[in-house]
Structure formats: structure tokens, C-alpha cells
1. Kindly evaluate residue 46 against the criterion of being surrounded by 13 or more Cβ atoms within 10 Å (Cβ to Cβ), modelled with pLDDT under 90 and more than 20 Å from residue 106 (Cα to Cα).
2. Looking at 6, 61, which is the one that is under 25 Å from residue 104 (Cβ atoms), loosely packed, with under 11 Cβ neighbours inside 10 Å and at pLDDT 85 or above?
3. For region 49-58, name all the residues that are crowded, with 16+ Cβ neighbours inside 10 Å and either of a type in the set (A, V, I, L, M) or touching a Lys or Arg at 6+ places or on another chain (Cβ under 9 Å) (or both).
4. Having 1 or more residues that are within 14 Å of the chain's Cα centre (by Cα) and of a type in the set (D, E, K, R) is the bar; report the strands (runs of 3 or more DSSP E) wholly within region 1-73 that clear it.
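The values are calculated or read from the model by the stated rules, or taken from the named source; none is laboratory data. Note that the structure is predicted; figures quoted are calculated from it, not measured. Counting neighbours? That spans all protein chains shown, and the Cβs are built from the backbone with ideal geometry, glycine included.
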Amino acid sequence: MGSITGTYDDESLVYSTDDPTGASTLLQMFVREGTGTYIDDEWHQLVVVADGVENTIYIDGEKKSITYRYGDATTADALFNFNSFTEFYIGKRAYTGSALHFDGETGIIQV
């Protein structure tokens, strides 16, 4: 939440999926509603749909307008067999030495 990648000056949230080797980003979706929009000491429900049919993000039950930096609404290559992952992160960038991570609490996570 907030300015995560610095790609856009109004980043609220970013979802990113790299290929299993980490060599390239396959799908990156941005919600751009301002850097402080969801940094408000309130709980927010976040749902990411990455099904290759309509890749999108819902926050608090509302479908959000998405800016795709990599991939698009129908990118299916971003879907993997979860049994083949060597690493899987929620709330942290997967890059070695990255200090960028979610600074808060998570509740229920379902994959």
C-alpha cells in the first residue's frame, strides 16, 4: 500500500507476478488512487483475481480501475501451479535485499 515501486506518483497498491525464475515480470497491476488512500489505520479487504480471463483487483468489495504495467486483463501466463513455487511472498517484494514490504497486519489469506 502506498508508493511501492515509484513507477507512478499516485500508487495505492500493486500486485506483481514474476515468472518462476524471477527473470521477468508477467503481470503487474496498479490501483492508482493516491499513496495515502489505504494507509488510514482501518482494515481493508483486498481481493486479487488473476485468472487470465479478467485479471483485476477489488478493495472493500469495489472493483478498481487498473493500470497494467506488465500484462493485461487477460494475461494467463501469470498463473502457475502453486506446487512448483520455490518462493511465494505476500506483502513483500521478492527481490533480494529489498526493503519494500507491507508494514501492517494481515487477516485471512486464501490462495
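1. Details: surrounded by 13 or more Cβ atoms within 10 Å (Cβ to Cβ): yes; modelled with pLDDT under 90: yes; more than 20 Å from residue 106 (Cα to Cα): no.
For residue 46, the condition - surrounded by 13 or more Cβ atoms within 10 Å (Cβ to Cβ), modelled with pLDDT under 90 and more than 20 Å from residue 106 (Cα to Cα) - is not met.
2. Details: 6 fails: at pLDDT 85 or above.
Exactly one of 6, 61 is under 25 Å from residue 104 (Cβ atoms), loosely packed, with under 11 Cβ neighbours inside 10 Å and at pLDDT 85 or above, namely 61.
3. If we filter region 49-58 for residues that are crowded, with 16+ Cβ neighbours inside 10 Å, which is where we start, we get 50, 55-57.
Answer for region 49-58, where residues must be crowded, with 16+ Cβ neighbours inside 10 Å and either of a type in the set (A, V, I, L, M) or touching a Lys or Arg at 6+ places or on another chain (Cβ under 9 Å) (or both): 50, 56, 57.
4. Numbers: elements: 13-18, 25-31, 46-49, 56-59, 67-70.
Where strands (runs of 3 or more DSSP E) fall fully within region 1-73 and carry at least 1 residues being within 14 Å of the chain's Cα centre (by Cα) and of a type in the set (D, E, K, R), they are 13-18, 67-70.
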